[in-house]
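A short worksheet on the structure shown next.
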């Protein structure tokens, strides 16, 4: 299922609002969010970022592909087109039409290699969507 691309205005190379958000979310949960957002930032030279609905979002240009958000006891690493991503490790949660997330909790083991592959897949997916419609 392919849909029109969601686009966000205002994405920049490095958003100071995200740096401030990371400082506000110190501690174990913040460290988890920062680690995985850094992975998103390093996906490619075209990655831009912004805060949307109060949380950090990684974009290819103006098309979002991933986000992190801190909750009371966990962090979500989410994907805007997660319903279409390959997930052989079955990390993704959610039942929405498009979005999916991985829930991370301090002290709980995570398959870091599989999550890195999901982030890479989300980036490559949005790149294909932007370039090929």
Item to complete: Evaluate the distance, in nm, between pseudo-label points positioned 7 Å from the Cα of residue 132 and of residue 72 along their respective Cα→Cβ axes.
Response: 4.4 nm
Worksheet item: What nm distance separates the two modelled labels at residue 109 and residue 28, each placed 7 Å from Cα along Cα→Cβ?
Response: 1.7 nm
Worksheet entry | Distance between segment 45-82 and segment 1-34 - C-alpha centres, whole angstrom | 5 Å
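When a/c is below 1.5 the answer is rounded, else prolate if a/b is larger than b/c, else oblate, so apply that to the chain with a ≥ b ≥ c taken from the square roots of the Cα gyration tensor eigenvalues. It would help to have the intermediate numbers written out before the result.
On the way: a/c = 1.74, a/b = 1.15, b/c = 1.51.
Note, shape of the chain comes out oblate.
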Discussion item. Quick check on segment 64-111: take the gyration tensor over C-alpha atoms, sort the square-rooted eigenvalues as a ≥ b ≥ c, and tell me if it's rounded (a/c under 1.5), prolate or oblate.
Written reply: oblate
Worksheet item: From a point 7 Å beyond the Cα of residue 5 in the direction of its Cβ, which residues of segment 30-68 have a backbone N at a distance under 11 Å?
Response: 60-65
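Bear in mind these aren't lab numbers, they're just calculated from the coordinates by the rules spelled out. Not measured: the values here are computed from a predicted model. When we count neighbours, we look across all protein chains shown, and the Cβ atoms used for this are built from the backbone with ideal geometry, even at glycine.
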